[in-house]
Amino acid sequence: MHFTSEQHLDDGVREREFTLGEIPGTLWTPESAAPAPLILMAHNNGLPKSEPRLVARARRTAAYGYAVASIDAAGCGDRPRSATAEQARADLRRAMQAGEPADEIFESLVGPLVEGAVPEWRTALDALLALPEIAGPVGYSGWTAVGIRLAAVEPRIAAAGFFAGGYVPRAQRAEAREVTVPLLLLLQWDDEGNPRQRALDLFDAFGSKEKTLHANLGGHTGTPWFELDDGNRFFARHLR
């Protein structure tokens, strides 16, 4: 892991950009000297780690006392774009806007993204846990499709928070029963991109003995900010 920049922010958070081979990432840590629990914060497919909503979430979570890390998956942010994936994104947008069946297009786009992203997240996790300012246990917060696979295969994940989780590939819907860590699922009741019933069915499928569903009115990007504070309290119960 090679750190390329560092900023000390006015909310008591240190922000550092890093590279890990071809993987670019950002690490936010509280200024306190004590090692902090780690939360991996993943964005939706195609969005960069510098996306303002993700950065705001990360900074607020770090100010709460956690180390927070995000990486750009292959084809996201400044990483090279795949012409096949870009065409699939365009086809998916067109199909959803037209109200046409989109499952197969979604599978062709998101399935490969999950397969490529999870090994990179595990590589990043190895490097992050080697830093003296970070300690286990580890939480995951963000994109549901990647989170399901990561929570199913990575024993160091101790708790997970998923956002807007109805639309996930078939492989991850099957893997949901293998997710047994404490779970918080956030559902936007009027999410235009994630059918409500799919999200409810997915919540039923998770194998966790402790799982909580928070539903709020509004569209995909309308998650209330108080849910972030509730999420931090959720992680406090399981990471501290």
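A quick yes/no check of all residues on (1) under 13 Å from the mean Cα position of the chain (by Cα); (2) loosely packed, with under 15 Cβ neighbours inside 10 Å; (3) under 16 Å from Phe206 (Cα atoms):
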| site | (1), (2), (3) |
| --- | --- |
| Arg89 | no, no, no |
| Pro101 | no, yes, no |
| Thr144 | yes, no, yes |
| Arg177 | no, yes, yes |
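Looking only at residues in segment 62-75 that are at pLDDT 90 or above and touching a Gly at 6+ places or on another chain (Cβ under 8 Å), which one is farthest from Gly21 (Cα to Cα)?
Within segment 62-75, the match that is farthest from Gly21 (Cα to Cα) is Ala63.
Counting residues that are in contact (Cβ under 8 Å) with a residue 40 or more places away in the chain, which strands (runs of 3 or more DSSP E) fully inside segment 1-119 reach at least 3? Step through it out loud before you land on a result.
Details: elements: 2-8, 13-20, 23-30, 36-42, 67-71.
Answer list for segment 1-119: 13-20, 23-30, 36-42, 67-71.
Does Leu186 count as aliphatic (A, V, I, L, M) and assigned to a strand (DSSP E or B)?
Numbers: aliphatic (A, V, I, L, M): yes; assigned to a strand (DSSP E or B): yes.
Considered against the rule, which asks whether it is aliphatic (A, V, I, L, M) and assigned to a strand (DSSP E or B), Leu186 comes out as yes.
Would you mind finding the one in Asp91, Asp78 that is acidic (Asp, Glu) and either at pLDDT below 90 or at positive phi (or both)?
Details: Asp91 fails: either at pLDDT below 90 or at positive phi (or both).
Checking each option against the conditions leaves just Asp78.
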Exercise for the section: Could you grab me the full set of residues in segment 197-233 that are assigned to a loop (DSSP other than H, G, I, E, B), touching a residue at least 60 places away in the same chain (Cβ under 8 Å) and either surrounded by 16 or more Cβ atoms within 10 Å (Cβ to Cβ) or charged (D, E, K, R) (or both)? Expected result: Thr223
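Restricted to segment 120-142, and to residues that are aliphatic (A, V, I, L, M) and in a strand (DSSP E or B), which residue is nearest to the chain's Cα centre (by Cα)?
The extreme case among them is Val138.
The values are calculated or read from the model by the stated rules, or taken from the named source; none is laboratory data. What you see is a predicted model; the values in this text were computed from it and never measured. Cβ sites come from the backbone with ideal geometry, for glycine too, and all protein chains shown count toward neighbours.
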